[in-house]
Each structure stands twice: as C-alpha cells, then as structure tokens.
Amino acid sequence: MSIEGRPDRSRSIATVHAALDAGVTLVDTADAYHVGADEVGHNEELVAEALHSWGGDASSVVVATKGGHLRPGDGSWTVDGSPEYLVRAAKESARRLRVDAIGLYQFHRPDPTVPYAESVGALLTLLDEGVIARAGISNASVAQIDEANEVLGGRLASVQNQFSPRFLSSRGELDHCARLGIAFLPWSPLGGISNAGGLGSRHAAFAEVARAHGVSPQQVALAWELSLADVVIPIPGASRPASIEDSVRAADLELAPEELERLGAAGS
Ligand SMILES: NC(=O)c1ccc[n+]([C@@H]2O[C@H](COP(=O)([O-])OP(=O)(O)OC[C@H]3O[C@@H](n4cnc5c(N)ncnc54)[C@H](OP(=O)(O)O)[C@@H]3O)[C@@H](O)[C@H]2O)c1
C-alpha cells in the first residue's frame, strides 16, 4: 500500500477496514514501507488513519511494526541496526501509530556491521522504557533466534521470516519457534506481490486441493501454513478488500491429513 505501485489511499483504507470487519486482529507494517526519503512511515500513518476511521472497537487489534531497514529514496533498501538508531526509530513509529506503546516491535533485518546482541539490546531498552509492549525479530536464523531470546531474558515474542509454498527455507526457524512457543509470522506467505496470483499454476497440488474445496489456492496455502504449528500467524498482503476477505477464510478451512501431507511435499 505504500511502496512502488501503491493504490490510492481510499482503496488502502477500505482494505484495512475490510480486514478489521472480517475479524483480523494483527496488522503488520514497517517504518520502511514508503518510497521517497521524505515519507518515512507512510504505511504506519496509513494504518493509524485506517484504525481511527474504522467504526468498530479496535482495542484488541495488535499493530506490529519494524525498524532497522531503511529506504534512502533511490529505490534501494539499506540497514541500520545500531541501538541508538533503533531506539529513536521506535519512538518515531509510536508517534506515527498514535500509541503510547507499540503492540509488537520487530528488528527488521540483521545489520552485519553491528553485533546482533547489541541491536536486540535496543529492543530490551524499549521494553523496559515501555515504548514497546512486545519485541520480535525478522529475517533471523535459528542461532539469532536463540541469541535474541537470551538477550531479551526469554521475552522474544515473535519471528518474522519469509515462508510460503515457494520459499520453504525457513522451515527450520518455524519448527524452532514451535518448540520455544514463539510466534512465527511467515512473510510473503503467498510467494510475494508478483507471484501470489500464480500460486495455483506454479504449485499444482495447491490448485487441486483448492478445487476440491471450492476455494482459492491462496486460501489453501494459508490454511496449510496455519496447520504447520500453533505458533504460525501468516501475514498475507492485500491492497484490495476482496483479497483479504478471501485470505481470512483460510482460518476456517479444514484440510484432511492426507491433503496436508500432499501439500507438505508440494513446495518448491
Ligand atoms: N520482514 C520482512 O522482511 C518482510 C518482507 C516482505 C514482506 N513482509 C510482510 O509480509 C506481508 C505480505 O507480503 P507480500 O505482500 O510481499 O506478499 P504476499 O502476501 O505473499 O502476496 C501479496 C499479494 O497477494 C495478493 N493476494 C492476497 N490475498 C490473496 C488471495 N486470497 N487471493 C489472491 N491473491 C491474493 C495480493 O493482491 P492485491 O494486492 O491485489 O490485494 C498481493 O498482490 C507484507 O505486507 C509485509 O507486512 C515482510
């Protein structure tokens, strides 16, 4: 909604409202979801506007955001994992989200120039200062999950890694989170913006199971991810109300053990 090719603001707001109407209680954003250097936090402001203009009670909605990934405005993505930067960025995110404490704040991507424990140490500072209610990490290895959880004294709430039928390489991190009871948020759970539409043609088993249930292959992918462990919370992107309304139905889609087994063997 805020990066290249973004829809107009009214369609974005309508999409968030459709998600909330359908019972979604987790919205994922990041301060880096913008294009120009002068519009850092574009998506955080949009999400805050959508929550405030929604007619329902948003008190049980968790807004998760991230810091440590930056867009200097030339189309590139850079990182800054220094504790000073992260503490400053989180306070800016809280201001844009119009909250006293951010529901879930995630360190977006490891910075190879900063020891991981130092970056995660900033999350501990933010927890202690009450700027954030929960701390998470993203794009992390099993070793980094353990290191972060240790730095945070066992308070690591979530891990957000790429995972979908197309990208299975974080299965080890997913299983590790399940063992530790830490939420695992698959990002690009449908394979990413430019691949999501072709999920069914790329992964025949998902299309076949979808046909058998009369649902979309995207819904089957989300239901399959949800089946992998209790801690899995997929965060499908959407820029149209119809997409999120369809995705939400995955929560009620029950797949048979033999279907799940088939899908498990069907990733690429
Ligand atoms: N931590 C990280 O480093 C990182 C990196 C990338 C993404 N993320 C997070 O992951 C989220 C999702 O990732 P993503 O948007 O890149 O990829 P995605 O969720 O795999 O795919 C999004 C695309 O799927 C389409 N779509 C959604 N639901 C659909 C449905 N039920 N049927 C058919 N098409 C459907 C959307 O269409 P429409 O737009 O037409 O609605 C959109 O084009 C992001 O919003 C972000 O929060 C995190």
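The accessible surface of segment 95-218, taken with every protein chain in place and a 1.4 Å probe, is 50 percent carbon and sulfur.
Relative to the longest principal axis of the Cα atoms of the chain, the long axis of helix 116-129 makes an angle of roughly 80 degrees.
LYS66 exposes around 0 Å² of accessible area when a 1.4 Å probe is run over every protein chain in place.
Give the distance, in whole Å, between the Cα centre of segment 118-156 and the Cα centre of segment 221-252. Result: 26 Å between the Cα centres.
For segment 174-268, the list of chymotrypsin sites (Phe, Trp or Tyr not before Pro) that fall in a loop by DSSP and count at most 11 other C-beta atoms within 10 angstrom is empty.
Computed over the chain, the per-residue total of -39500 (n - 2.57) for DSSP H runs of n ≥ 4 gives a 222 nm mean residue ellipticity of -13000 deg cm²/dmol, rounded to 500.
Annotation for segment 44-63 versus segment 69-115: alpha-carbon center distance of 21 Å.
How much of the pair distance distribution for the chain lies past 28 Å, counting alpha-carbon pairs only, in percent? Don't skip to the answer; put the middle values down first.
Details: 12234 of 35778 pairs.
Cα-Cα pairs of the chain separated by over 28 Å account for 34 percent.
Report, in debye and to the nearest 20, how large the dipole of the chain comes out about its Cα centre when Lys and Arg carry +1 and Asp and Glu carry -1 on their Cβ. Working shown, then result.
On the way: 21 positive and 35 negative charges, 84 e Å.
The calculated dipole for the chain is roughly 400 debye.
Scanning the chain for GluC sites (Glu not before Pro) in DSSP loops with at most 12 neighbouring Cβ atoms within 10 Å leaves 5-253 as the longest stretch between them.
Ordering THR78, THR29 by accessible surface, largest first, gives THR78, THR29; the 1.4 Å probe counts only protein heavy atoms, with every chain in place.
The values are calculated or read from the model by the stated rules, or taken from the named source; none is laboratory data. What you are looking at is a predicted structure, and each value in this text was computed from that prediction instead of being measured. Note that each Cβ is placed from the backbone with ideal geometry, even for glycine, and that neighbours are counted across all protein chains shown. The accessibility values were calculated without ligands, DNA or RNA, using every heavy atom of the protein model including side chains. Shrake-Rupley method; radii C 1.70, N 1.55, O 1.52, S 1.80 Å.
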